[in-house]
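Q: Here it is, the structure in full.
The values are calculated or read from the model by the stated rules, or taken from the named source; none is laboratory data. These figures come from a predicted structure and were not determined experimentally. Positions of Cβ are generated from backbone atoms using ideal geometry, with glycine treated the same way; all protein chains shown enter the neighbour counts.
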Amino acid sequence: MAEINVDHINPFLMAASTIMRDACQMEMKIGRPYVKTTEFQSDSVIIMIGVTGEMRGQVMISFTTSKACQVASGMMMGMPVPELDDMAMSAISELGNMIMGNAATILSTKGIGIDITPPTVCRGAMKISQSYARNVCIPMTCNDDLILELDIAVKGD
């Protein structure tokens with residue numbers, strides 16, 4: 001199984017921090033990265049986006065349902081989002097596109113060309129088996145409150 005290169009993680013963290021600040025009005029603090037199995041609990045909302053090109057794998061952005069509603073509310077100009085209806089799910093999906101598009105741009109400035117797949121939004125308990133790359137999880141908080149986890153399992157050519 002491939003080890004992940006820290007130079008490949010930082011662009012995703014920079015992109016997530018920037019997009020969460022600009023689109024959701026949340027100043028994010030990046031937690032300590034750790035390797036974990038890719039398992040999610042029953043209250044999970046996961047945005048899964050594939051990475052192809054000079055790096056391959058996937059990135060998952062996971063929230064609890066209540067945090068996903070909070071993030072969707074921030075994206076919709078503070079309009080309360082009490083449940084993840086179609087509009088809120090679309091906003092969460094677009095958040096994944098924005099983060100990954102920004103990460104692709106940052107990587108391109110470092111000479112690494114990637115493409116991303118359209119986001120898939122999953123809900124509920126699930127476990128994803130991957131043998132291609134280790135999954136590095138980075139928790140991201142706002143005001144000491146866990147907002148999301150970024151799960152990155154990519155490797156360069």
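Q: Hey, can you tell me all the residues within the range 6-31 that are more than 21 Å from G101 (Cβ to Cβ) and either touching a Gly at 6+ places or on another chain (Cβ under 8 Å) or free of Cβ contacts under 8 Å to residues at least 12 places away in the same chain (or both)?
A: Of everything in the range 6-31, just one residue is more than 21 Å from G101 (Cβ to Cβ) and either touching a Gly at 6+ places or on another chain (Cβ under 8 Å) or free of Cβ contacts under 8 Å to residues at least 12 places away in the same chain (or both), namely V6.
Q: Among the listed residues A103, A153, A133, identify the single one that is touching a helix residue (DSSP H, G or I) at 6+ places or on another chain (Cβ under 6 Å), crowded, with 20+ Cβ neighbours inside 10 Å and either at pLDDT 95 or above or not aromatic (F, W, Y) (or both).
A: A103
Q: Here is a further query. Scanning the range 99-122 for residues that are closer than 23 Å to M89 by Cα, outside any helix (DSSP H, G or I) and of a type outside the set (S, T, Y), which turns out farthest from the chain's Cα centre (by Cα)?
A: For the range 99-122, the residue satisfying everything is D115.
Q: Can you tell me how many residues in the range 41-66 are among the acidic types (D, E) and under 26 Å from L84 (Cα atoms)?
A: Summing the residues that are among the acidic types (D, E) and under 26 Å from L84 (Cα atoms) in the range 41-66 gives 1.
Q: Might you let me know whether the range 135-143 holds any residue that is in contact with a Ser or Thr (Cβ under 8 Å, 6 or more places away or on another chain), part of a loop (DSSP other than H, G, I, E, B), closer than 15 Å to V71 by Cβ and not hydroxyl-bearing (S, T, Y)?
A: No.
Q: May I pose another question? Considering only the range 30-52, I want to know if a residue exists there that is modelled with pLDDT under 95, of a type in the set (S, T, N, Q), touching a helix residue (DSSP H, G or I) at 6+ places or on another chain (Cβ under 9 Å) and surrounded by fewer than 16 Cβ atoms within 10 Å (Cβ to Cβ).
A: Checked against the condition, which is being modelled with pLDDT under 95, of a type in the set (S, T, N, Q), touching a helix residue (DSSP H, G or I) at 6+ places or on another chain (Cβ under 9 Å) and surrounded by fewer than 16 Cβ atoms within 10 Å (Cβ to Cβ), the range 30-52 yields no hits at all.
Q: Next question, about the same structure. Scan the range 53-67 residue by residue and report those that are of a type in the set (G, A, S) and either buried (at least 20 other Cβ atoms within 10 Å of the Cβ) or within 14 Å of D151 (Cα to Cα) (or both).
A: Answer for the range 53-67, where residues must be of a type in the set (G, A, S) and either buried (at least 20 other Cβ atoms within 10 Å of the Cβ) or within 14 Å of D151 (Cα to Cα) (or both): G57, S62.
Q: OK, next. Given the conditions (1) modelled with pLDDT under 95; (2) of a type outside the set (K, R); (3) part of a helix (DSSP H, G or I), report the number of the one that G96 does not fulfil.
A: (1)
Q: Shifting gears a bit: Failed condition for S42, given (1) under 10 Å from I152 (Cα atoms); (2) not in a strand (DSSP E or B), with all others met?
A: It is condition (1) that S42 fails.
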